[in-house]
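Below is one structure; the comments refer to it alone.
The values are calculated or read from the model by the stated rules, or taken from the named source; none is laboratory data. Here the structure is a predicted model, which is why all the values come from computation and not from measurement. All Cβ positions, even for glycine, are placed from backbone atoms using ideal geometry, and neighbour counts span all protein chains on display.
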Amino acid sequence: MNRGTNHQIPFIDLAAQRARLAEDIDGAIARIMEHGTFIQGPEVAELEQALSQRGNARVAVGCSSGTDALVLCLMAAGVGPGDAVFVPAFTFFATAEAVALVGATPVFVDVETERFSIDATRLRQAVDGIVTDAQLRPAAVIPVDLFGQPADYPAIEKALEGSDIIVIADAAQSFGATLNGIPVGALAPLTATSFYPAKPLGCYGDGGAILATDTEQKAVLASLREHGQGNTRYRNDRVGLNARLDTIQAAVLLEKLGIFDEELSTRQRIADRYNEQLADVCSVPSLAKGATSSWACYTIRTPERDRLREALAVDGIPTAIYYPIPLHAQEPFSVCRRFPDAMTVSNDLAAQVLSLPIHPYLSEEDQDRICAAIRAELG
Ligand SMILES: *Cc1c(COP(=O)(O)O)cnc(C)c1O
């Protein structure tokens, strides 16, 4: 391999998508400049309609970010001080941060080795462990659809049988994916997603949405995202947030939704090509039976992760480590309970995972170069 002389491959190529949609997006933004309803404009309602259809959910409510979507879900579920919320240890910080922000207590559960999402057996042990601890009421679990693949919702529901623990899906990475034919958005009573630019469906700034399967949540969520507003403008029924989705971001998302399905199939094709070329030199991701993924990340596992990452960087191939520090090891959460104490899977993953470039505009040529470089290091 020709070290250091190859062009730099982008980790995510938002410019290629931008070039494709520029005219439509600029036109949509220009229309908003004309109508001037920058907050809660008609595009927001139009997007919510499209999202609820796509996610097969009765309710979709746009909001300011994936993190705020999680906070709003917890608030709508009435989760607060004195409540335990079970979260996987191997995820982005915001999953547990949202729990702490509403005054509840995160309880960390180790993940399973197939989809790296919360381990249902460990979850059951954690619930039983917390029930015997009179200090906290087990209130909610937030499974994370890590890297784009839905968590094992049927197993999670089974583990929670006989309890009134509510499931809130952290689908920040997985909008567009399905499990047993059911789309993300209908796999849990409440689903939070993110439109952060790097997510599979991203806007041009911060954005997010909540999907709900119960129509009654619509009014509650819409109120919570707007200062707990009641029937009239300056009547407030509850304490909420200013957590609205900008009209401009809704317009951007509507344009991107038009090509989203095609982009998802391209991501699947790219994941398949990676699997074909890399399965014999490292541990490659696999989909559980009945699952599709939005392929937010394509993440391999190798004990030689750090050496590989450095060598690829020299070759102009960017990689990312999602996530180098599991949440139970993060300073603000160091006092939280965890099940089991060893957290072996999360700790091992943090030391071994490496995410490779994946986006719908990755050329086969660049992908082959990435695979050849990996094979040269690990082969
Ligand atoms: C991105 C992400 C979030 C937060 O979304 P923002 O829109 O950045 O606030 C939450 N959870 C997971 C798993 C994420 O990947």
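Of the residues making up the range 137-163, those that are in a helix (DSSP H, G or I), aliphatic (A, V, I, L, M) and either closer than 17 Å to PRO285 by Cβ or touching a residue at least 40 places away in the same chain (Cβ under 8 Å) (or both) number 1.
I'm trying to understand the selection: among the residues of the range 282-320, which are more than 18 Å from SER117 (Cβ to Cβ) and within 22 Å of the chain's Cα centre (by Cα)? Of everything in the range 282-320, those that are more than 18 Å from SER117 (Cβ to Cβ) and within 22 Å of the chain's Cα centre (by Cα) turn out to be PRO318, THR319, ALA320.
Take ASP145 and tell me if it is charged (D, E, K, R), buried (at least 24 other Cβ atoms within 10 Å of the Cβ) and within 14 Å of the ligand (Cβ to nearest atom). Here the answer is yes, as ASP145 does meet what is asked. Taking the range 269-379 and the helices (runs of 4 or more DSSP H) fully enclosed by it, the elements with 2 or more residues that are under 30 Å from ALA155 (Cα atoms) and not β-branched (Val, Ile, Thr) are at 344-352. Being among the hydrophobic types (A, V, I, L, M, F, W, C), within 23 Å of ALA120 (Cα to Cα) and under 19 Å from the mean Cα position of the chain (by Cα) is a description that applies to LEU349.
Quick grid of which residues meet (1) surrounded by fewer than 18 Cβ atoms within 10 Å (Cβ to Cβ); (2) closer than 24 Å to LEU264 by Cβ; (3) modelled with pLDDT under 95; (4) away from the ligand (no atom under 16 Å from the Cβ):
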{"position": "SER174", "(1), (2), (3), (4)": "no, yes, no, no"}
{"position": "ILE182", "(1), (2), (3), (4)": "yes, yes, no, yes"}
{"position": "GLY202", "(1), (2), (3), (4)": "no, yes, no, no"}
{"position": "GLY207", "(1), (2), (3), (4)": "no, yes, no, no"}
{"position": "ILE210", "(1), (2), (3), (4)": "no, yes, no, no"}
{"position": "ALA222", "(1), (2), (3), (4)": "no, no, no, yes"}
{"position": "TYR234", "(1), (2), (3), (4)": "yes, no, yes, yes"}
{"position": "ARG238", "(1), (2), (3), (4)": "yes, no, no, yes"}
{"position": "LEU245", "(1), (2), (3), (4)": "no, yes, no, no"}
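Among residues of the range 304-332 that are in contact (Cβ under 8 Å) with a residue 40 or more places away in the chain, those with a Cβ under 8 angstrom from a residue that is among the acidic types (Asp, Glu) and more than 16 Å from the ligand (Cβ to nearest atom), sequence gap 6+ or separate chain, pair up as GLU304/GLU377; ARG307/GLU377; LEU308/GLU377; ALA311/GLU377; LEU312/GLU377. State yes or no: is ASP26 in a helix (DSSP H, G or I), within 16 Å of the ligand (Cβ to nearest atom) and among the charged types (D, E, K, R)? No.
Can VAL107 be described as among the hydrophobic types (A, V, I, L, M, F, W, C) and under 25 Å from GLY66 (Cα atoms)? When the stated conditions are applied, VAL107 passes them.
Using the structure shown, decide if ALA50 is farther than 16 Å from LEU257 by Cα and modelled with pLDDT of 95 or more. Criteria not met by ALA50. Do we have GLU97 as charged (D, E, K, R), within 30 Å of TYR298 (Cβ to Cβ) and within 12 Å of the ligand (Cβ to nearest atom) here? Considered against the rule, which asks whether it is charged (D, E, K, R), within 30 Å of TYR298 (Cβ to Cβ) and within 12 Å of the ligand (Cβ to nearest atom), GLU97 comes out as yes. Quick check on my filter: what residues within the range 132-142 are buried (at least 23 other Cβ atoms within 10 Å of the Cβ) and away from the ligand (no atom under 16 Å from the Cβ)? Matches in the range 132-142: ALA139 only.
If only residues of the range 63-84 that are of a type in the set (A, V, I, L, M, F, W, C) and more than 12 Å from the ligand (Cβ to nearest atom) are counted, the one that is farthest from GLU43 (Cα to Cα) is ALA84.
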